[in-house]
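Take a look at the structure below.
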Amino acid sequence: MSSLRKKGRAIILSILTVILSVSIFGAVKASAATTVIPDISEWQGKLTASKVSNLKSQVSFIINRRQYGANYQDKYATNNTNLYVQYGIPFGEYDYATFTSAASARNEANVFYQNSNKNAKFYVLDYEENDVTSGSSNAAVKAWYDQMRSLTGKKLIFYSYQSFATAHANTARKNFDAQWIANYSSRPTIQTDLWQYTNKKYVPALKESVDASTILNSSKPITWWIGGAQSADTAQPTYFTDVVSSVTTTQKLYLYDSTSFKKANRVVKVQPGTKVNVTVIHKRDSGSYYFETADGRYLTANKNFVQ
C-alpha cells in the first residue's frame, strides 16, 4: 500500500473516530439529561442529604406521600420534603385517601393541608380504595376537593387507576385541575395529564426502583406542574363560556368594580361556599372569561374558583 493511500486512510479513520466520539458523547449527554417523575413514600426510607443532592439531576419533580388517611402521617414526609426544599427539587404532596363519607373527606383534607409542606407546588388526592360507607364515593371525593379548594389556590390533582377512577369517581374527578392516572399495561384511554406507567423505574440516586410517571398532556408540561400557586385568571383554567343564573365560590374571592381585576378594584370579599347571582358573561381578548353581577360588579368565570 503506497504512503499516500496510507495517509488518506489515516485521515478517514481520524474523521470517523471524531464522528463516533461525538455521537457517543451526545448519546451519553442525552441519557444523563433524561429525568423521571417518581412518587416517594416511607417505603423508600428516610432520605439523606447525599441522596437528595444526587436526586436533583435525575428527576423533573417528585410527588411525595404526606399521609395515609387522616390518622397516619408518613414517617419521613417532613424529613424528605424539607430536603427537597433545601436542594431545590420541586415537589407535590399526596394524601392516600381512606375517608368514609363526605364529612370524613373534609376532615382528611383539613389534616392533609395542615400537615403539608407549604412549599409543595400542588396537592394530590390518591384515591384507589373505596372505604366510603355513607353517601356516594363521588360525593366524598367532591367534598375533599371542595375543602382543599377552600384552603389553597394551588393546583389539585386526582390520582387513581383507570378502572377505579371510572367506577368510583367518574364525576368528581373532573373537578380537579389535572388527572394523574396509573395504568401499567397500556396507555390510559381516559383523560390523563400525568401517566404513571411503571412501578419498576430504577433511580440511581435511590439505588432502587420506584413508581414513575410521564406527562401525556402537552398543554400541561413540567412548567405547569411546578409553577406553584394559581391565580384566578392566569392558571391553566377552564372557564364558564355561557352565562348561568348563579355560581358558588369554592374559595375566597373578590368582586371587582372594574373589569381589570387589580387589588385596587376589589370591593367585596366573598367567602367559600357563597352563592353569587350573575347576569352576563364577558370574554377578554386574552381568552379568559368573567361574569358580571346584577349590580354591575365582576368576578372570575374560572371553574377552579367558582362552580
Hits in the range 264-307 (condition: within 11 Å of LEU253 (Cα to Cα) and of a type in the set (D, E, K, R)):
ARG266, LYS269
Would you be able to tell me the number of residues in the range 256-281 that are among the hydrophobic types (A, V, I, L, M, F, W, C), open to solvent by 50 Å² or more (accessible area, probe 1.4 Å) and within 19 Å of VAL244 (Cα to Cα)?
1
List the number of the failed condition for PRO204; all other conditions in (1) within 24 Å of ARG149 (Cβ to Cβ); (2) open to solvent by 60 Å² or more (accessible area, probe 1.4 Å) hold.
(1)
Please find, within the range 119-133, the residue that is surrounded by the fewest Cβ atoms within 10 Å (Cβ to Cβ) out of those that are of a type in the set (A, V, I, L, M, F, W, C) and in contact with a strand residue (DSSP E or B) (Cβ under 6 Å, 6 or more places away or on another chain).
ALA120
Restricting to the range 22-48, and then to whatever is among the hydroxyl-bearing types (Ser, Thr, Tyr) and modelled with pLDDT under 95, can you tell me which residue is surrounded by the most Cβ atoms within 10 Å (Cβ to Cβ)?
THR35
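Here's the yes/no breakdown for (1) farther than 28 Å from ALA103 by Cα; (2) open to solvent by 30 Å² or more (accessible area, probe 1.4 Å); (3) part of a loop (DSSP other than H, G, I, E, B); (4) not aromatic (Phe, Trp, Tyr):
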{"position": "GLY135", "(1), (2), (3), (4)": "no, yes, yes, yes"}
{"position": "ARG149", "(1), (2), (3), (4)": "no, no, no, yes"}
{"position": "GLY153", "(1), (2), (3), (4)": "no, no, yes, yes"}
{"position": "LEU156", "(1), (2), (3), (4)": "no, no, no, yes"}
{"position": "SER160", "(1), (2), (3), (4)": "no, no, no, yes"}
{"position": "SER163", "(1), (2), (3), (4)": "no, yes, no, yes"}
{"position": "ILE190", "(1), (2), (3), (4)": "yes, yes, yes, yes"}
Residues satisfying the stated conditions in the range 49-90, i.e. surrounded by 22 or more Cβ atoms within 10 Å (Cβ to Cβ) and among the aromatic types (Phe, Trp, Tyr):
TYR84
Pick from the range 78-94 the residues that are closer than 28 Å to SER163 by Cβ and in contact (Cβ under 8 Å) with a residue 40 or more places away in the chain: which of them is nearest to the chain's Cα centre (by Cα)?
GLY92
Pairs where the first residue, in the range 274-291, is closer than 11 Å to TYR239 by Cβ and the second is basic (Lys, Arg), C-beta under 6 Å, 6+ apart
TYR289/LYS283
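The values are calculated or read from the model by the stated rules, or taken from the named source; none is laboratory data. Computed from a prediction, not measured in an experiment: that's the story for all the values here. Note that we place each Cβ from the backbone using ideal geometry, even for glycine, and neighbour counts take in every protein chain shown. For the accessible areas, the whole protein counts, side chains as well, though only heavy atoms, and no ligand, DNA or RNA atoms are used. Shrake-Rupley method; radii C 1.70, N 1.55, O 1.52, S 1.80 Å.
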